[in-house]
Amino acid sequence: MQFDLAHIWASMGLVSKLIAFVLVLMSIATIAVVVERVIALARMNAETRAFVKEAQPLLDAWDTEALLRVADRYRLSALARLVSSAMRRFLRAESEGDGNLTPVELARREVERRREALSADLRRGLSVLASVGSVAPFVGLLGTVVGIITAFQSIATTGSGGLGAVSAGISEALIETALGLSVAIPSVLFFNYLTGKIAAVEAALERSAGELLDDMENQHGRQSEERILEEAA
């Protein structure tokens, strides 16, 4: 008897083939998510670096109109979207000039809401990796059980307990187990890798948001002092 993949696949029952097909679908989903997230993070990081290079001088000069125009050009950058939302909320609150909350506090709340939305967007697809990493071994174990059942059925059919009677079922069991593990292990590794990358992006967003809010507070304080001096004069 030949122990090659084609022969093992041909000897598999319908249930074993369905289980193997499910594992293949899981591996395709894992590859799709990983490729999409890696490309998205790479493009986002590239745009963020370009945005920071253009935005920093504008922020130092507090040229808000030019800063918003630059941010709108880098829509793939999470930092650009965060800065755009916070700055627009800050400027709108300053122009309205009413309400119980200061423009800086309103901008801070907008930053928190936007960061939550950006985190959800950054983690899109990671639930697929987590599910595949946790479920695939059990799916492979199910295939193992089915293969063992097949082996015992072969023994009952042939009336012999020799290797030839059970080899097909054992092969199915081993292939299903190996396939389940080969799908689960990369899923867990890529999940941890992407989680680390995203955590680094979130930490950078938090630092940048804090710096932006500090600049807003300083600018708001200067404007308040100027208004007080004008009224006093």
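The values are calculated or read from the model by the stated rules, or taken from the named source; none is laboratory data. These figures come from a predicted structure and were not determined experimentally. In this analysis, Cβ positions are derived from the backbone assuming ideal geometry, glycine residues included, and neighbour counts consider all displayed protein chains. We work out accessible area using only protein heavy atoms, side chains counted, and drop any ligands, DNA or RNA first. Shrake-Rupley method; radii C 1.70, N 1.55, O 1.52, S 1.80 Å.
For this structure, a couple of remarks:
- Looking across the stretch 1-51 at every residue that is of a type in the set (Ser, Thr, Tyr) and over 23 Å from Leu189 (Cα atoms), the one that is modelled with the highest pLDDT is identified as Thr48.
- Selection within the stretch 209-219: residues that are open to solvent by less than 40 Å² (accessible area, probe 1.4 Å) and touching a residue at least 60 places away in the same chain (Cβ under 8 Å). The member of this set that is nearest to the chain's Cα centre (by Cα) is Ala209.
- Positions within the stretch 84-117 being under 32 Å from the mean Cα position of the chain (by Cα), surrounded by fewer than 16 Cβ atoms within 10 Å (Cβ to Cβ) and of a type in the set (A, V, I, L, M, F, W, C), in sequence order: Ala117
- Flag for Arg69 being within 30 Å of Phe190 (Cβ to Cβ) and open to solvent by 20 Å² or more (accessible area, probe 1.4 Å): no
- Residues that are part of a helix (DSSP H, G or I) and either closer than 16 Å to Glu36 by Cα or open to solvent by 20 Å² or more (accessible area, probe 1.4 Å) (or both), drawn from the stretch 118-130: Ser119, Ala120, Asp121, Leu122, Leu126, Ser127, Val128, Leu129, Ala130
Okay, residues lined up against (1) hydrophobic (A, V, I, L, M, F, W, C); (2) in a helix (DSSP H, G or I); (3) touching a strand residue (DSSP E or B) at 6+ places or on another chain (Cβ under 9 Å):
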| site | (1), (2), (3) |
| --- | --- |
| Ala20 | yes, yes, no |
| Val24 | yes, yes, no |
| Ala29 | yes, yes, no |
| Glu36 | no, yes, no |
| Thr48 | no, yes, no |
| Ala71 | yes, yes, no |
| Leu76 | yes, no, no |
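- Some residue of the stretch 176-194 being over 18 Å from Ser27 (Cβ atoms), open to solvent by 80 Å² or more (accessible area, probe 1.4 Å) and either modelled with pLDDT of 90 or more or not small (Gly, Ala, Ser) (or both): no
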